[in-house]
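Have a look at the structure below before the remarks.
The values are calculated or read from the model by the stated rules, or taken from the named source; none is laboratory data. Please read these numbers as outputs of a predicted model, since none were measured by experiment. Please note: Cβ atoms are built from the backbone with ideal geometry, for glycine as well, and neighbour counts cover all protein chains shown.
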Amino acid sequence: MFPRVFAVLFLTLSACSFDLPRSAPEAQGVSSAAVLDFVGELDRTVHDMHSMMLLRHGQVIAEGWWAPYEPDAPHTLWSLSKSFTSTAIGIAIGEGKLSVDDEVLKFFPEDAPAEPSKNLKLMRVSDLLRMVTGQQTEPVHPPGDLSKKAFLAHPVPFKPGTHFLYNTNATYMLSAIVQKVTGQTTLEYLRPRLFEPLGFKDPHWLSSSEGINFGGYGLSLRTEEIARFGQLLLQKGQWQGKQLVPAEWIEAASARQVSNGSNPKSDWDQGYGYQFWRCRHGAFRGDGAFGQYCVVMPEQDAVLVITSGIKDMQHPLDLVWEKLLPAMKAEALPANEEAAAKLKERLKSLSLTLSQLPSQAAFGSLGKKFVFPANDRNLEALTLSHSQKDHLNELTVRFNGVDQRIPFGRDKWTTTRLTWDKRPEQPVAALGWETGPDAFAVKLCFIESPDELTIVLTATTDGNLHYNAEWNIGFKPTKEPELIGKPE
């Protein structure tokens, strides 16, 4: 076990300075060469990495963003949001507003069934926190929305506390309880108590039709903001001399509160706390779908943050245990300027890789407009053109009668704001390349989320255009059905 080091310099920073301090890896007992090996393996084997930040003893020793992702762009956290909801509960308990032993029905008598079941009556706040509500399945709700009434009406066949079921609806109820006992949304409640002291710029949290932050998802933060949260957890809730979160809450929330499996090689079978996962090697984490991680390693006095858009979430954690843990030493290492310079250069040059290499052949359908039959994606027309003036290509798409122009380069990412199908307007980075004389690919990165879309346009001898698109991740099939456009 490594000795705990609490970074006195970090705690005595000026109250108006929110940026985490930076340090060479060796000064914090970590080999730059080992970190470079870790980053190289992430880059080589984990496609669609977006960002990475590694802290040791409260100091940032490595940070990188894969272009087109940037430090100032917020990123959708998905279920990593749950850990912030847990923290709000812990603060509210510290203020005497509720207890983990409170019955859930106590807060929502107006939403309860006319005749609540015995098990529903037994359900407590601690059961919501530990994902042991007694429900066998998650409550059904309208797409993209949650409901207190639907949760309380859902069957509870097991005695609460006896059956683990990962249940995002349970986290929604925690967010609803925060709002009930404080009169504020979870975001509003946390703003002066957590977000502002940690220097978060403009955190955003999606809400249900009931006006309640979703709790289990919907929070967006920047990479360094997630890292500050991780460092706060490592410091048992203390930040610049102030106790923002009760230390006993973080101890309880990060502890193994319930068993959830037995596979010794899986970081999803090491037990569950209060909206935190236990990891191997004495670590714990908050994480979200498609590779959003805040990994806290108390024994190593380290924090690792990753944002990405991936399917295999175990693999990055395997690399952490294989590459990083052995490299973390108890004492500072001799300076290694050559290795540190190589690491710094690698981190500065990170970029998403293309699935295909560009072709030297020119795409023969530039400037032609194609129209599509009615389809569930609402794509009506498409034109791919080239501007000699700014040497950029342009993809013009029409959704629901509205044309949108997407400029993009062949060798650099170009960012614009875009409304894609039913998605709200948001920044999107684009890059395109010929894959042959009759095919062109365009990659769209929705840079405030894990989502990326690769579009392949293929011209056929009959004059038509075949449109194929595939998302990098998703809760449903990622490959969209082919569309065939005809020249206008």
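Scan 320, 305 and give me the residue that is β-branched (Val, Ile, Thr), in a strand (DSSP E or B) and in the same structural domain as residue 56 (by TED's automatic domain parsing).
Answer to the selection: 305.
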> Which one is modelled with the lowest pLDDT among residues in region 413-442 that are in a strand (DSSP E or B) and β-branched (Val, Ile, Thr)?
Replying inline: 435
>> Six or more apart or on different chains, Cβ atoms under 7 Å: show the pairs whose first residue is in region 443-462 and within 15 Å of residue 482 (Cβ to Cβ) and whose second is at pLDDT 95 or above and of a type in the set (Asp, Glu).
In response: 454/470
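Which one of these is of a type in the set (A, V, I, L, M, F, W, C), farther than 22 Å from residue 77 by Cα and in contact with a strand residue (DSSP E or B) (Cβ under 6 Å, 6 or more places away or on another chain): 296, 258?
Values: 296 fails: farther than 22 Å from residue 77 by Cα.
Criteria check complete, one pass: 258.
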> Is region 397-405 home to any residue that is surrounded by 15 or more Cβ atoms within 10 Å (Cβ to Cβ) and either over 18 Å from residue 466 (Cβ atoms) or out of contact with any Asp or Glu (no Cβ under 8 Å at 6 or more places or on another chain) (or both)?
Replying inline: yes
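Here is a yes/no grid of residues against (1) surrounded by fewer than 21 Cβ atoms within 10 Å (Cβ to Cβ); (2) farther than 21 Å from residue 175 by Cα:
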site	(1), (2)
193	yes, no
199	yes, yes
227	no, yes
243	yes, yes
251	yes, no
>> For region 443-488, give me the residue count where each residue is within 25 Å of residue 289 (Cβ to Cβ) and assigned to a loop (DSSP other than H, G, I, E, B).
In response: 14
> Can you name every residue in region 18-75 that is farther than 27 Å from residue 426 by Cα and of a type in the set (Ser, Thr, Tyr)?
Replying inline: 23, 31, 32, 45
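Do we have residue 63 as among the acidic types (Asp, Glu) and either farther than 24 Å from residue 414 by Cα or in contact with a Lys or Arg (Cβ under 9 Å, 6 or more places away or on another chain) (or both) here? First the steps, then the outcome.
Numbers: among the acidic types (Asp, Glu): yes; either farther than 24 Å from residue 414 by Cα or in contact with a Lys or Arg (Cβ under 9 Å, 6 or more places away or on another chain) (or both): yes.
So residue 63 fits the description; yes.
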> Of all the helices (runs of 4 or more DSSP H) wholly in region 136-245, which have at least 3 residues that are assigned by TED's automatic domain parsing to the domain that holds residue 99 and among the charged types (D, E, K, R)?
Replying inline: 223-234
>> Out of 36, 13, 20, I need the residue that is at pLDDT below 95 and not polar (S, T, N, Q). Which one?
In response: 13
> Can you tell me which of 268, 249 is within 21 Å of the chain's Cα centre (by Cα), in the same structural domain as residue 168 (by TED's automatic domain parsing) and among the aromatic types (Phe, Trp, Tyr)?
Replying inline: 268
> Name the residues in region 338-365 that are assigned to a helix (DSSP H, G or I) and either of a type in the set (Lys, Arg) or modelled with pLDDT under 95 (or both), would you?
Replying inline: 342, 344, 346, 348
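Only one of 219, 232, 244, 319 is within 20 Å of residue 448 (Cα to Cα) and in contact with a Leu (Cβ under 8 Å, 6 or more places away or on another chain); which? Spell out how you get there, then give the answer.
Values: 232 fails: within 20 Å of residue 448 (Cα to Cα); 244 fails: within 20 Å of residue 448 (Cα to Cα); 319 fails: within 20 Å of residue 448 (Cα to Cα).
The unique qualifying residue is 219.
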> List, please: which pairs have Cβ atoms under 9 Å, are six or more places apart or on different chains, and start with a residue in region 94-117 that is assigned by TED's automatic domain parsing to the domain that holds residue 186 and under 16 Å from residue 183 (Cα atoms) and end with one that is outside any loop (DSSP other than H, G, I, E, B) and of a type in the set (Ser, Thr, Tyr)?
Replying inline: 95/182; 97/182
